[in-house]
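These notes are about the structure you will find just below.
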């Protein structure tokens, strides 16, 4: 009986399809053992600017009167803001609306008609105040000028990039400490990081000393500078804002 020889190339191809190659082993394709953790950090910062938005709404049965009343208040607000240190380039009108409003009126014969309530004119002004010590005075003054809506107040820092970088480094440190603690409980040690991802939910966060204990955890680092701002007579406590950072890190286990 004749033996049929299989070409060497065909044998090599068959071995490669089966996952066996020259100089390879099953261990070389195994994924490294790893642990994935998250780390967070809050850098506590005294704010050095405040951004807020206010609105003025007026109404009248005559459109021109409603518009004129609104303009008078807005001009007064703008003048007072500039007198208290808000630069003109940091004042912006971000919303204007003129709207007629109606209500239904019922007649004796059962029919109804729409009656004009008035023309409502609204303007919103956004301010950026660089001297936060003047905020309370500005806030009280513009409210007395006829402002009847306050839409948002946000204390911020002009050095956000600096504190974000600091927070990111602290978050990575927190992640490593957590990974080392977890690995130690399992009789392992932590090796090199295999991947590092920054979580996108960074930003400012309000802070209260009453809530400090509940915000702390094993993988959260907080840095609270001691400096503050106080003029001795102000009733508004500026406190601190938190610039937070969060990362996810995968470490090799040894």
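The values are calculated or read from the model by the stated rules, or taken from the named source; none is laboratory data. All of these numbers come straight from a predicted model, not from anything done at the bench. Counting neighbours? That spans all protein chains shown, and the Cβs are built from the backbone with ideal geometry, glycine included.
Given 181, 234, 217, which one is in a helix (DSSP H, G or I) and either at pLDDT 70 or above or more than 18 Å from the chain's Cα centre (by Cα) (or both)?
Of the residues listed, the single one that is in a helix (DSSP H, G or I) and either at pLDDT 70 or above or more than 18 Å from the chain's Cα centre (by Cα) (or both) is 181.
Within the bounds of the range 146-157, is there any residue that is assigned by TED's automatic domain parsing to the domain that holds residue 83, surrounded by fewer than 18 Cβ atoms within 10 Å (Cβ to Cβ), without any contact (Cβ under 8 Å) to a residue 24 or more places away in the chain and over 30 Å from residue 44 (Cα atoms)?
no
Does residue 126 satisfy being assigned to a strand (DSSP E or B) and surrounded by 13 or more Cβ atoms within 10 Å (Cβ to Cβ)?
Here the answer is yes, as residue 126 does meet what is asked.
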